[in-house]
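So the structure is just underneath, and the comments pick up after that.
The values are calculated or read from the model by the stated rules, or taken from the named source; none is laboratory data. Small disclaimer: the values here were computed from a predicted structure and weren't measured. Neighbour counts run over all protein chains shown; Cβ positions are idealised from the backbone, glycine included.
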Amino acid sequence: MSNVYNWQLGRPMDYPYDAAFPREQFAFVFNLNRCIGCQSCTMACKSTWTFSKGQEYMWWNNVETKPYGGYPAHWDVKTLDLLEKANPGGQSWGGTPQNAKAPYGQFKGQTVFEAAKHNVSPEGAQKALGYLPTDEEWAGANRFEDHPTGAPKGERDRYFQRPESLPQHKTWFFYLARLCNHCSYPACLAACPRSAIYKRPEDGIVLIDQERCRGYRKCMEACPYKKSLYRGTTRTSEKCVACYPRVEGRDPDGGGLPMQTRCMSACIGHIRLQGLVELNADGTWKENRQHPLYYLVHVAKVALPLYPQFGTEPNGYYIPPRWVPLPYLRQMFGPGVDAAIERYSVPDRELLAVLQLFGKDRRICFRYEIKQGPKVFETNIRGKKFEMFNDTVIGYGRDGKEIARIAVEEPVHVRPAQHANSI
Amino acid sequence: MQLRYDGHLLESVVFLEARRLEQSGQAALAGRYHAQRSTLYELADPDQRSDGFFKLHVQWFRELGLEARVLATAKEFPLIEERATSLMLRKALAKKEEGAELFVRPGAKNVVVALRSERFLEDGFEPFLRHEFCHVADMLDDAFGYEPRIELAGAPPTELALLRDRYRVLWDITIAGRLKQEAERAACWSEFTRAFSTLPEERQRELFDRLWRERPAHAGLLDIAKSSHTRAARTPGGACPLCKFPTFDWAGADGLGSGAVAAIQEHFPNWRPEDGCCGRCAELYAMSKMAQPPTLFV
């Protein structure tokens, strides 16, 4: 085991390989407050990559209804349970949030790599603590769709009184869109006995070499997000390839510029923003104040990693849904949730402007600028003053040229009277 | 009897068994399996490769003693060996897909058993298989008199589904009782009380105990299932037993002439006048008896 630094945990941790970081890292931010569970992303991915024989139950991108849904079923609860058994009562956070090296404080518990050391069987220690889902768990990708929590815990037949109480609802659900997180410390890569999984040095995309894979399914067992899947017809494991030809700028539509993946581009709710971020030598994000992802993750701190305690340093970040009870969100996104929700609920003018960039252009945005506009609205949100300015945010592509220009206030177009009822 | 396998089932069962062996210390055996498996990836032709995987997994299915477990359980039911043409094991993805079925065509009686891969590693594998084989043996047994179609005149599909469900519950109880699967008793009772919730508890107990002890044939089970079946009342908006369309215009027995009743029973032998029908069907069948052969002009 090597000792590597995991900034999401705010501390070094054990990992089977030495740290090696790409020149740029594929990353994305999803705003869960906006997801309507339409599955456009799911179908965009399906129709691009997994439409062939043997891939019938394979969804590289999926949207599940939390808290009960999951693909495979209960993937997160099962892994959390394994970690809890390995380290009873010890999976907690401490310390105080600091700079980009420890933005959420310090994780005091054990990661999937650390907990695996104690999980020794006659074949030796596991590389990462995990389990192999059953066929049945893979078969119902959309089970529990739209199922909310209905009753107080342990009282199945009694509905909540005032279920809509604010700021957090008692009866609630939300959609969690997921794909491979192209982790900085991938558990799938660590576990592969054939060294068939690699992380690309140019963009950090994690791929499975189909020529080397021999279908041991150790990656499926190890990946805590269960985003490596077995295909019975080729007898190899497959996973999200982050639409790498698009990220490389080889899609003709991009005019040579890196483009966002199919799932990001197809999102009709404009919940997704994908980018490439530069890294320091220790794997932390290089300061880049005007990069939209850097801003959302490290400045505004509204976008948080999914289950950072697993320890793989996932590169998918989520703006948590503001109506969901905080204890649930803290377990899912770590201790940064409280501040993130507070910030998102009463956004300042820069955050409001950057949020407009989501889903506005298929090309990847590398930098943004804000052109200030007049104040157009003012109110009070739960005792806090909120001001809205009609600023304009401008996004720039890899070549420094403008790719998007959006005003905060949505323009209103009034049809002339003679065309009032036509398009 | 010919034994046939679904390749996907064999591959996943052997893989899971090898994984179990590896975790329990028999790494050499699992290593040998993986080494043999790996060589097949070198085959460029996909058909040849698939064929190679199938043969390898049949071989390992036998070597790991999995085939012997299936055959030993099947041998407990001589009727299957005598009368079935083939026994096929196929993969089920979910628990609700598991079970045995008999497919009959002229000159062939093929038994298909659908199983989850994980089922082979579970403690209850043999009891489950025995239970399913017992269903098949009943279907092959002339004395049982199995009939695949369950009919109830004029019943809409939902009522038929309810009847089938009740029949399945009853049949499961008799099989569990016959096989002395005491571990199943509580689950059977729970299903039984759910399916026959309208019966008083005393009657439920009496019926359940009788089913557990005795071995009623198909007709007997069907009679029990039907006996607690209540026909859907002629409610406004309910389905007409003849055309199945919802109706608010019911024609009762008194509104139908003997000619119409005869005409309906010609098409629906199990229909009774008190079941009623919609006004439109009543009119149609009344008219059909009044119809004259067409006049031909030459």
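Worth pointing out:
- Residues being polar (S, T, N, Q) and assigned to a strand (DSSP E or B) - total across the range A:357-413: 3
- Here is the figure for the range A:366-418: residues that are within 27 Å of A:G255 (Cβ to Cβ) and either modelled with pLDDT of 95 or more or basic (K, R) (or both) total 22.
- For beta carbons closer than 8 Å, sequence separation of 6+ or different chains, a first residue in the range A:244-259 that is in contact (Cβ under 8 Å) with a residue 12 or more places away in the chain and a second that is acidic (D, E) and not in a loop (DSSP other than H, G, I, E, B), the qualifying pairs are A:M259/A:D253.
- Evaluating B:L66 against the criteria (1) crowded, with 17+ Cβ neighbours inside 10 Å; (2) more than 14 Å from every other protein chain (Cβ to nearest Cβ); (3) in contact (Cβ under 8 Å) with a residue 60 or more places away in the chain leaves one unmet condition, (3).
- When the residues of the range B:8-32 are filtered to those that are of a type in the set (D, E, K, R) and facing chain A (nearest Cβ under 8 Å), the one that is surrounded by the most Cβ atoms within 10 Å (Cβ to Cβ) is B:E11.
- Residue list for the range A:353-387, filter: among the hydrophobic types (A, V, I, L, M, F, W, C) and crowded, with 17+ Cβ neighbours inside 10 Å: A:A353, A:V354, A:L355, A:L357, A:F358, A:I364, A:C365, A:F366, A:I370
- In this entry, A:T284 passes the filter for residues that are touching a residue at least 12 places away in the same chain (Cβ under 8 Å), more than 30 Å from A:S165 (Cβ to Cβ), surrounded by fewer than 23 Cβ atoms within 10 Å (Cβ to Cβ) and hydroxyl-bearing (S, T, Y).
- Only listed residue being crowded, with 21+ Cβ neighbours inside 10 Å and among the charged types (D, E, K, R), chosen from A:E84, A:E64: A:E64
This table checks each residue for (1) closer than 30 Å to A:I403 by Cα; (2) in contact with a strand residue (DSSP E or B) (Cβ under 8 Å, 6 or more places away or on another chain); (3) away from chain B (no Cβ under 14 Å).
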{"residue": "A:C213", "(1), (2), (3)": "no, yes, no"}
{"residue": "A:K226", "(1), (2), (3)": "no, no, yes"}
{"residue": "A:P252", "(1), (2), (3)": "yes, no, yes"}
{"residue": "A:G256", "(1), (2), (3)": "yes, no, yes"}
{"residue": "A:G275", "(1), (2), (3)": "yes, yes, yes"}
{"residue": "A:V299", "(1), (2), (3)": "yes, no, yes"}
{"residue": "A:A303", "(1), (2), (3)": "yes, yes, yes"}
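- Scanning the range A:322-351 for residues that are buried (at least 20 other Cβ atoms within 10 Å of the Cβ), in contact with a Phe, Trp or Tyr (Cβ under 8 Å, 6 or more places away or on another chain) and in a helix (DSSP H, G or I) yields A:M332, A:F333, A:A340.
- Elements of type helices (runs of 4 or more DSSP H) in the range A:56-170, at least 2 residues being within 27 Å of A:H298 (Cβ to Cβ): A:75-86, A:112-116
- Looking across the range A:91-126, the residues that are within 14 Å of chain B (Cβ to nearest Cβ) and either within 24 Å of the chain's Cα centre (by Cα) or of a type outside the set (S, T, N, Q) (or both) come down to A:A116, A:V120, A:P122, A:E123, A:G124, A:A125.
- Within the range B:11-26, the set of residues being in contact with a His (Cβ under 7 Å, 6 or more places away or on another chain) and either in contact (Cβ under 8 Å) with a residue 60 or more places away in the chain or β-branched (V, I, T) (or both) comprises B:V14 only.
- Comparison of A:V337, A:V393, A:V412 shows that the only residue that is within 27 Å of A:A44 (Cβ to Cβ) and aliphatic (A, V, I, L, M) is A:V393.
- Failed item in (1) in contact (Cβ under 8 Å) with a residue 60 or more places away in the chain; (2) more than 14 Å from chain A (Cβ to nearest Cβ), with B:L115 passing the rest: (2)
- Tally, over the range B:1-52, of residues that are hydroxyl-bearing (S, T, Y), within 27 Å of the chain's Cα centre (by Cα) and farther than 18 Å from A:E221 by Cβ: 1
- Pairs meeting the criteria (first residue in the range B:80-96 and within 14 Å of chain A (Cβ to nearest Cβ) and within 21 Å of A:E136 (Cα to Cα), second residue acidic (D, E) and not in a helix (DSSP H, G or I), beta carbons under 9 Å, at least 6 apart or on different chains) are B:R90/B:D6; B:K91/B:D6; B:A92/B:E98.
- One residue stands out in the range B:225-263 among those that are modelled with pLDDT under 85 and over 26 Å from B:L162 (Cα atoms): the one that is surrounded by the most Cβ atoms within 10 Å (Cβ to Cβ), namely B:L256.
- Summed over the range B:33-60, the residues that are within 18 Å of A:K53 (Cα to Cα), more than 10 Å from chain A (Cβ to nearest Cβ) and among the polar types (S, T, N, Q) give a count of 1.
- Checking each residue in the range B:33-61 for being among the charged types (D, E, K, R) and either surrounded by fewer than 14 Cβ atoms within 10 Å (Cβ to Cβ) or in contact (Cβ under 8 Å) with a residue 24 or more places away in the chain (or both) picks out B:E42, B:D45, B:D47, B:K55.
Yes/no matrix, rows are residues, columns are (1) within 25 Å of B:E76 (Cβ to Cβ); (2) in contact (Cβ under 8 Å) with a residue 24 or more places away in the chain:
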position	(1), (2)
B:A161	no, no
B:D165	no, yes
B:V169	yes, yes
B:G177	yes, yes
B:E182	yes, no
B:S197	no, no
B:R203	no, no
B:L211	yes, yes
B:R215	yes, yes
